[in-house]
Amino acid sequence: MKIVIATLVLTFGVITSSFSQNVRLLFKNGETKTEELQAFSDIRLFLKNSTVEISSLESISFASEDVVDKKLKGYLTQARIQILFSNELSKPGQASKGHYPKEGSQTIILTCQDSSRALFKRIGQHLATKGYGIDYSSTELFTIKTSFRPIAKPRYLYFLNVVVIGNRAIITAQWKTTRSEVFDWIYSSKKGNFKSRVSQVLHNDLIQNLEGFNRLETVYR
């Protein structure tokens, strides 16, 4: 890899980053990609597994403003590429440790870069492809209610309520066993508590099904 990068420096005037970092790319054709940025020139980004023309981008997200190389920022600004920041990119290949529910969390908020209408359509399509039935949706209120979905054991069921406000998808959940009333999802890590066990299983199932859904940040409240 060092030999390849050295060759690029000589041939294209490539500047290498002092450390590799994850970036999230949004292309003008709507495609998204999260990959490790290793070097760049005034017209290209050299990623771990591919090369990208800067002119093909709509936006690029970094972990924070501090990690953006000044020359790269200049190239992106000159090309009118939107520069965004997401602390989910703070560690290559990993989400920030802060993105995990705390005791009593009831709501998951996904902050994205879409318009309200585009985000509403995208989150609905994503849930549908993950096997969630849609019981109700409103294009006026930007709300979605999914059908009950089984988790872990057939007797555990839950459904999602999704409301899109601006560039945020706000998700709450409710669950039940086949013989119980419906309970609001409230995260708890207490041991030996039936509701806590269901809460954790539900959360793990939902987060697994949200993998691949492009967002800037995940917050619990």
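At-a-glance table
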read-out: Listed residue (VAL68, GLN200, TYR220) projecting farthest to the positive dipole end of the chain, Cβ model; value: GLN200
read-out: Dipole of the chain, positive direction: furthest Cα of GLY104, ALA152, ALA118, with charges on the beta-carbon; value: ALA152
read-out: TYR136 accessible area, 1.4 Å probe, all protein chains in place, Å² to nearest 10; value: 120 Å²
read-out: Hull volume in cubic angstrom per residue (convex hull over the Cα atoms of the chain); value: 142 Å³
read-out: Value at 222 nm in deg cm²/dmol, rounded to 500, when DSSP H runs of n ≥ 4 in the chain each add -39,500 (n - 2.57); value: -7000 deg cm²/dmol
read-out: Only Lys, Arg (+1) and Asp, Glu (-1) charged, at Cβ; the stretch 127-211 dipole about Cα centre in debye; value: 480 debye
read-out: Members of LYS33/LYS102; LYS28/LYS73; LYS102/LYS145; LYS28/LYS121; LYS33/LYS130 lying beyond 26 Å, as alpha-carbon distances in this model show; value: LYS33/LYS102
read-out: Carbon and sulfur %, accessible surface of the stretch 150-189 computed with the full protein complex present, 1.4 Å; value: 53 percent
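The values are calculated or read from the model by the stated rules, or taken from the named source; none is laboratory data. All values derive from a computational prediction rather than experimental measurement. Reconstructed Cβ throughout: ideal geometry from the backbone, glycine too, with neighbour counts over all protein chains shown. Each accessible area value is taken on the protein alone, full model and side chains, heavy atoms only, with ligands, DNA and RNA left out. Shrake-Rupley method; radii C 1.70, N 1.55, O 1.52, S 1.80 Å.
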